[in-house]
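*Asks:* Please find one structure pasted underneath; my questions will follow.
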Amino acid sequence: MRSDTVSKMSKSMIKALSEAQVGDDVYGDDVTLNRLQDHFASMFGKEKGLLTLSGTMSNLISILAHCERGDAALCTKSSHINVYEQGNISSIGGVFPIVIPENPDGTVSFEDVRRFILPENQHFARTKLLCLENTQNLLSGRALPLGFNSELVQFKSKFPLKTHLDGSRLLNAYFFHKETNPSLKVEDLTEGFDSVSMCLSKGLRCPLGSVLVGSEEFIGRAHRWRKALGGGFRQAGYFAAAAFQSLMEAEEVIRQDHLNTRALGLEFRKRGLKVEQNDTNIIVFDPHVDGSGAEYIGRLGKVGILANTRMDGKVRFVFHENIKEEDVGDVVERMFSQEF
Ligand SMILES: *Cc1c(COP(=O)(O)O)cnc(C)c1O
């Protein structure tokens, strides 16, 4: 339960991979990859798509393609870009990060955003970009509320800021909201964003990969950066074929992940554990132990449960296709046994 990145390909994905028609993407003729990139672009309501190696690479390339050296990018305090990406936008891109506060549901107050945009004057970096995240990894997988996108669109009509969405788990947000809004489209969650990235290696179970989408011009710049960073792909269509197959199975798989997460959340609450709101496939709880959570994680390991602790000592469990409905009871049994 360390992460949904540990999920493995299904037999159907491996079959699709083994039968893929491929080319060489540096020559631009991998038909299966081209089809996947186009598919993501249209699903997200953008012009073009680009496969990258990872979510981190997509975020970096996106920020480099939106900003010049010396420009500033706004990112939220708990975002993956701020916390887990080594400050790469500075070390590699010369981009200055401005960290802004977020609400518990991951939204930002546009009043704050406006205040953090630096004035146009020689003393300041030029504030070019606002980065947001959906679902929010460090906020226990919360999905940005519906309605946020129209606020964003409105804000953008007044301020010339570019916007990037780290949608590493965007399909989790989508299937969460779709439960109560059956006619929802994925592009409803990407409206107002100039670029969006989504991981293939999490709920979609691919061994690697992330897709970045945006306008044709933006993807042109992103493509150059990807090559510069060593991301020129050859027969990437094998992964694209597996990802396509996974996309077909995604609704069923991800909805079940959410049901399993909720079932475990309920069991935890019944037993008095303090669990954060769990919208999607992530559960965060406070184990109420002294010191770092590391010792607690060690104890979990002894009863056969692999999990991660966070910097605040809370523990994170993540569901994915290789953890089944029946495993929920098993986890509870192990955690509330005498041994533990
Ligand atoms: C996992 C994740 C990333 C990074 O993805 P990698 O493929 O591990 O580089 C970025 N942002 C968020 C929100 C993530 O959860």
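*Asks:* What does the convex hull of the alpha-carbon atoms of segment 195-340 project to on average, in nm²?
*Replies:* Values: hull surface 45.4 nm².
Answer in nm², one decimal: 11.4.
*Asks:* From the residues VAL328, THR127, ILE14, which one has its Cα farthest along the dipole of the chain in the positive direction, the dipole being from +1 and -1 charges on Cβ of Lys/Arg and Asp/Glu about the Cα centre?
*Replies:* Projecting each Cα onto the dipole axis, the largest value belongs to THR127.
*Asks:* To the nearest 20 debye, what is the magnitude of the charge dipole of the chain about its Cα centre, counting +1 on the Cβ of each Lys and Arg and -1 on the Cβ of each Asp and Glu?
*Replies:* 480
*Asks:* Quick one: net charge of SER168's neighbours, Cβ under 11 Å, K/R +1, D/E -1?
*Replies:* Numbers: positive: ARG169, LYS202; negative: ASP4, GLU133, ASP166.
My count for the surroundings of SER168 gives -1.
*Asks:* Here is a follow-up. So, counting K/R as plus one and D/E as minus one, what does the shell of residues with Cβ under 12 Å around GLY293 add up to?
*Replies:* That works out to 0.
*Asks:* Moving on to the next point. What do you get for trypsin sites (Lys or Arg not before Pro) in segment 213-243 restricted to DSSP loop and a cutoff of at most 14 other Cβ within 10 Å of the site's Cβ?
*Replies:* On the way: sites: ARG221, ARG224, ARG226, LYS227, ARG234; in loops: ARG234.
For trypsin sites (Lys or Arg not before Pro) across segment 213-243 that sit outside H, G, I, E and B with at most 14 neighbouring Cβ atoms in 10 Å, the list reads ARG234.
*Asks:* Consider all pairwise Cα distances in the chain and report the whole-number % of them above 31 Å. Present the calculation step by step, with values, prior to reporting the outcome.
*Replies:* On the way: 19716 of 57630 pairs.
Counting every Cα pair in the chain, those more than 31 Å apart make up 34 percent.
*Asks:* So if R0 is 56 Å, what FRET efficiency would ASP24 and SER292 give, r being the distance between their Cβ atoms, rounded to the nearest 0.05? Kindly include the intermediate steps, with their values, before the conclusion.
*Replies:* Values: r = 48 Å, r/R0 = 0.85.
For R0 = 56 Å, the calculated efficiency reads 0.75.
*Asks:* Taking segment 249-335, how much of its Cα-Cα pair set, in percent, is spaced more than 20 angstrom apart?
*Replies:* Considering segment 249-335, 31 percent of its Cα-Cα pairs are separated by more than 20 Å.
*Asks:* In segment 124-232, which chymotrypsin sites (Phe, Trp or Tyr not before Pro) are in a loop and have at most 13 other Cβ atoms within 10 Å, using DSSP for the loop call? All intermediate terms of the calculation are to be shown ahead of the outcome.
*Replies:* Values: sites: PHE124, PHE148, PHE155, TYR174, PHE175, PHE176, PHE193, PHE218, TRP225; in loops: PHE124, PHE193.
Filter output for segment 124-232: PHE124.
*Asks:* Sticking with this one: Have a look at the DSSP beta bridges in the chain and tell me what percent are antiparallel, nearest 5. Intermediate values should be presented prior to the final figure.
*Replies:* On the way: 18 of 36 bridges.
The answer is about 50 percent antiparallel.
*Asks:* Any idea what the dipole of segment 167-210 comes to, in debye rounded to 20, about its Cα centre with Lys/Arg Cβ at +1 and Asp/Glu Cβ at -1?
*Replies:* Values: 5 positive and 5 negative charges, 62 e Å.
Taking the Cα centre of segment 167-210 as origin, the dipole is about 300 debye.
*Asks:* Determine the dipole magnitude for segment 249-335: charges of +1 sit on the beta-carbon of Lys and Arg, -1 on that of Asp and Glu, nothing else is charged, the reference point is the Cα centre, and the result goes in debye to the nearest 20. Can you show the working numbers first?
*Replies:* On the way: 13 positive and 17 negative charges, 96 e Å.
Value, rounded to 20: 460 debye.
*Asks:* Please tell me the relative contact order of segment 187-340 in percent, rounded to the nearest whole number, where contacts are Cα pairs under 8 Å and at least six residues apart. Don't skip to the end; give the middle numbers.
*Replies:* Values: 167 pairs, mean separation 27.8, N = 154.
About 18 percent, as a whole number.
*Asks:* Can you give the net charge of the other residues whose Cβ lies under 10 Å from the Cβ of HIS258, counting K and R as +1 and D and E as -1? Don't jump to the answer; show the numbers that get you there.
*Replies:* On the way: positive: ARG255, ARG262; negative: GLU179, ASP257, ASP279.
Result for the local shell: -1.
*Asks:* Please name whichever of VAL318, ALA294, ALA250 sits farthest to the positive end of the charge dipole of segment 249-335, dipole taken about the Cα centre and charges placed at Cβ: Lys and Arg +1, Asp and Glu -1.
*Replies:* So the residue furthest toward the plus end is ALA294.
*Asks:* Do any cysteines of the chain lack a neighbour Cys whose Cβ is under 4.7 Å away, and which are they?
*Replies:* CYS67, CYS199, CYS206 - these cysteines have no disulfide-compatible partner (Cβ-Cβ under 4.7 Å) in the chain.
*Asks:* Name the residue farthest towards the positive end of the dipole of the chain from the options LEU53, GLN338, GLY93, assuming +1 on Cβ of Lys and Arg, -1 on Cβ of Asp and Glu, about the Cα centre.
*Replies:* In the chain, that residue is GLY93.
*Asks:* Give a quick list of GluC sites (Glu not before Pro) in segment 70-134 that DSSP marks as loop, anything other than H, G, I, E or B, with at most 15 other Cβ atoms within 10 Å. Before the final figure, lay out each step's value.
*Replies:* Values: sites: GLU85, GLU102, GLU111, GLU120, GLU133; in loops: GLU85, GLU102, GLU120.
Taking segment 70-134 and a limit of 15 other Cβ atoms within 10 Å, the loop GluC sites (Glu not before Pro) found are GLU120.
Laboratory data are not the source of any read-out in this text; all were calculated from the coordinates shown. Being a predicted model, the structure only gives us computed values, none of them experimental. Using ideal geometry, Cβ is built from the backbone for each residue, glycine included, and neighbour counts are taken over all protein chains shown.
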